[in-house]
Amino acid sequence: MRSVPVGHAARSLAAVGLVELALATRGRSVLDDLGEVVIDHAPLPLIELGVQLMGTTDKPLLRLQSLGALVAAGTAVGHLAPAGESSDRRRTAVQAGVGLGALVAARAVLARQQPQARADLAGAPVTDPDDGADGWASTPLVTPVEDFYVTDVTMRAPVIDADGWRLEVEAADGTRAVVDAARLAGLPRQERQALLACVHNRPGWDRLGQQSWTGLPVPELLAALGLPVPDAADDSLDLVMEGADGLVMTLPWPDVVARRSWLVTAMGGRPLTAAHGHPARVLTAGLPGQYGGPKWVTGLRLRPTGSVTATWVARGWPRGPVLVPMMARIDSLGTVGMPPRLPRRPVPVQARGEVSGVAWAPAHGGVAGVDLRVDDGPWQPAELAADLGADSWRRWRAPLDLAPGTHELAVRCRAGDGTVQAGTGRPPYPSGADGFHRVRVKVARA
Ligand SMILES: Nc1nc2c(c(=O)[nH]1)N[C@H]1C(S)=C(S)[C@@H](COP(=O)(O)O)O[C@H]1N2
Ligand SMILES: [Mo]
């Protein structure tokens, strides 16, 4: 039997799979490298569309696309080459099986790689916050680390051992200090409750979470290292923050001070996981992740304002900083998530019941109120759980009393600074999404 494209494709698949498996043992992946090329070079509107349509499935799809491209290239090359050995069905099936098996094994090897941590980066034991709503709220007050969303420009989190990690801190006059994990663990750190949100979060999505973070404010870090600390109002300087994956963010120094940007070493009382930035990241309450600071931070430098362009800014995002938009979410009806996990049909509910959720307004003085609206009715204030502070989300609940039939529920947030959520329906780009979370429900006719 003559060589057919299927035979070439199976051989290519086997080759790609075996190369992936060999690289995986060294923490590398060609499929991920190719995916990163796409992420780095895709035009901004395409990325925005990808995030909107694919949500968390974007990375697996990119890998599949890389795989498709490699196998297609291998098949084409095989086809051009002079027909050598013949292929039969059985051999083709075995080669395809070897390829797929090796690919699965390579992913498993990569997923198992975790950095070597230092227990002392965790700091003091974390206190459990209490808002009095555990009995009625549908969403945990603190998002478990394993459920906390992950967003990266990289295909995979860099795996950085604590002992090999260094952070270079540079003052405005060029003086520098290099910190290792042991030194950082010895500095006084505090625990703070705060939510972290992605700028791509849309109404009803779960690209945000609430956690306890342990670390120290950047001005205190500078002082502890004996570096000069600029005046809190000095707007001639940016803090330039570098991640081990090459991501650069910048933040005007007055924002760093006013928002208390922190160097964080622990999440939920444990050292950060690789996915969340081990061994250290910078976090800024009220700013979305892509403005607030990098994970796997390796450099913090004070530089003249505007002299360094942040990665996202080079890709078309405003210099900002963009703020976390205020929003409320209905959580109790099982309709929260990301595409492709969003409901299409009305959710069956009882005529009399209750809904609950969370709301946040960290850039607007915290949550002062949440209102629920049924169809075109008036906004009705919901009951609020105790406030953990402006940086944190706040749980709420409201009674339902519905006539049989289909209805639309909507929620809005009112902020501590008096701002009422507008619900304009604007997309994440360029300044964060705004919109009321709307859920269609259905009460069965008796
Ligand atoms: N170094 C680095 N830091 C990063 C990112 C990244 O890709 N690389 N992503 C940012 C974005 S867009 C967000 S929303 C948050 C996500 O943090 P999380 O994955 O811990 O939830 O990290 C930010 N920090
Ligand atoms: Mo993000």
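Phi-derived couplings, Karplus 6.51 cos²θ - 1.76 cosθ + 1.60 at θ = phi - 60°, listed residue by residue for the stretch 206-212: 10, 8, 7, x, 10, 8, 9 Hz, with x used for Gly and Pro. Based on protein heavy atoms only, the stretch 327-443 ends up with 44 Å² per residue of surface accessible to a 1.4 Å probe. Give me the distance between the Cα centres of the stretch 225-287 and the stretch 386-400, rounded to whole Å. Their Cα centres are 27 Å away from one another.
One decimal place: the segment VAL6-GLU408 gains 139.6 nm when fully extended, by the rule 0.36 nm per residue minus the C-alpha distance.
A protection proxy built from the mean count of other Cβ atoms within 10 Å ranks the segments 429-439, 369-379, most packed first, as 429-439, 369-379.
Using a 1.4 Å probe, what is the accessible area per residue for the stretch 26-106, in Å²?
That works out to 60 Å² for each residue.
Placing +1 at every Lys and Arg Cβ and -1 at every Asp and Glu Cβ, with all other atoms neutral, what dipole size does the stretch 253-343 have around its Cα centre, in debye to the nearest 20?
Approximately 180 debye in magnitude.
Sort the chain into rounded, prolate or oblate with this rule: let a ≥ b ≥ c be the square roots of the eigenvalues of the Cα gyration tensor; rounded if a/c is under 1.5, and if a/c is not under 1.5, prolate when a/b is larger than b/c, oblate otherwise.
oblate
The 3J(HN,Hα) values that the Karplus relation (6.51, -1.76, 1.60; θ = phi - 60°) gives for the stretch 411-427 are, in residue order, 10, 9, 10, 10, 9, x, 8, x, 5, 10, 3, 7, x, 6, x, 6, x Hz. Gly and Pro appear as x. Other residues lying with their Cβ under 14 Å from the Cβ of GLU354 contribute a combined charge of 0, Lys and Arg counting +1, Asp and Glu -1. Remark: the stretch 109-215 carries 44 Å² of accessible area per residue (probe radius 1.4 Å; ligands, DNA and RNA excluded). At a 1.4 Å probe, what is the % contribution of carbon and sulfur to the accessible area of the stretch 88-239? Roughly 52 percent of what the probe reaches on the stretch 88-239 is carbon or sulfur.
Only beta bridges with both residues in the chain are counted; by DSSP, about 90 percent of them are antiparallel. Rolling a 1.4 angstrom probe over the stretch 365-446 with all protein chains present gives an accessible area of which 50% lies on carbon and sulfur atoms.
The values are calculated or read from the model by the stated rules, or taken from the named source; none is laboratory data. Note that this is a predicted model, so its numbers are computed, not measured. Glycine also receives a Cβ, built like all others from the backbone with ideal geometry; neighbour counts cover every protein chain displayed. Note: areas computed on protein heavy atoms with side chains; ligands, DNA, RNA excluded. Shrake-Rupley method; radii C 1.70, N 1.55, O 1.52, S 1.80 Å.
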